[in-house]
Amino acid sequence: MLTPAQARTASQIEATLRRMAAYDDESVVHETWLRQRYATAGFATYAPARRAAVVTAWHEAGHAVAALATGAEFTSASIRHGAGSAGRVHGIRAAADTAFVIDAAGQIAERLRDWTLPDSDEALTAWLPTWRADGGDARRFRRSIGVLFPGDEAGAWRHSEAVLVPLRPEIQHLARALLAHPRHLPREVVVALLGWP
């Protein structure tokens, strides 16, 4: 159930996204996220800071949608840029046999954004060993595939793709919501925005 404040937040976000439906993701980035990234001095201009916010939003939306799709709990999602991360889905509690889908979801969502998923088994097996520095996602993925896919990273990745590719519209919608709203989104608001029970 949404609190009145959460219901207002969801309504405001939906109204913003309807108003900006014709604009690309970079045009939706709230100035809070833009200034926050630019202030880190890691970006020479606003343009790369805006692009970084978009990539982060898709990444975190992937984690959140995967959590909902696999029945995991979480408390909120955010693209707040901090010292240790560019965004986060907070408080994820997943079942041991599906946690790897959530771990892979950030990378898969980034690739769904620009349709760059590995298109062959050869491309996938060449890329997987290079997946390392990702805020712990790669390490957790490798640790959690043992329940269903022991020693089979490619099989676990393809399974994760099968779960998430049909959910690309939901990932995109949530990414745009994260970009448009200047604060974290509680799980209840995420569920309402996606129209899921």
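The values are calculated or read from the model by the stated rules, or taken from the named source; none is laboratory data. This is a predicted model, so every value here is computed, not measured. Note that we place each Cβ from the backbone using ideal geometry, even for glycine, and neighbour counts take in every protein chain shown.
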What are the pairs, 6+ residues apart or on separate chains, where a residue within the range 172-197 that is modelled with pLDDT under 95 has its Cβ under 7 Å from a residue that is aliphatic (A, V, I, L, M)?
-> TRP196/LEU68
Taking the condition among the β-branched types (Val, Ile, Thr) and modelled with pLDDT under 95, does THR9 pass?
-> no
If you scan the range 33-50, which residues turn out to be outside any loop (DSSP other than H, G, I, E, B) and closer than 14 Å to ALA86 by Cβ?
-> TRP33, LEU34, GLN36, ARG37, TYR38, PRO48, ALA49, ARG50
Pick from GLY71, GLY91, GLY42, GLY82: which is within 16 Å of LEU185 (Cα to Cα) and either touching a Lys or Arg at 6+ places or on another chain (Cβ under 9 Å) or of a type in the set (Gly, Ala, Ser) (or both)?
-> GLY91
Could you list all residues from the range 19-32 that are assigned to a helix (DSSP H, G or I), charged (D, E, K, R) and out of contact with any helix residue (DSSP H, G or I) (no Cβ under 8 Å at 6 or more places or on another chain)?
-> ARG19, GLU31
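Regarding the range 70-82, can at least one residue be identified that is over 21 Å from ARG143 (Cα atoms), over 13 Å from the mean Cα position of the chain (by Cα) and modelled with pLDDT of 95 or more?
yes
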Please determine, by comparing only the residues of the range 120-147 that are over 20 Å from the mean Cα position of the chain (by Cα) and assigned to a loop (DSSP other than H, G, I, E, B), which one is surrounded by the fewest Cβ atoms within 10 Å (Cβ to Cβ).
-> SER120
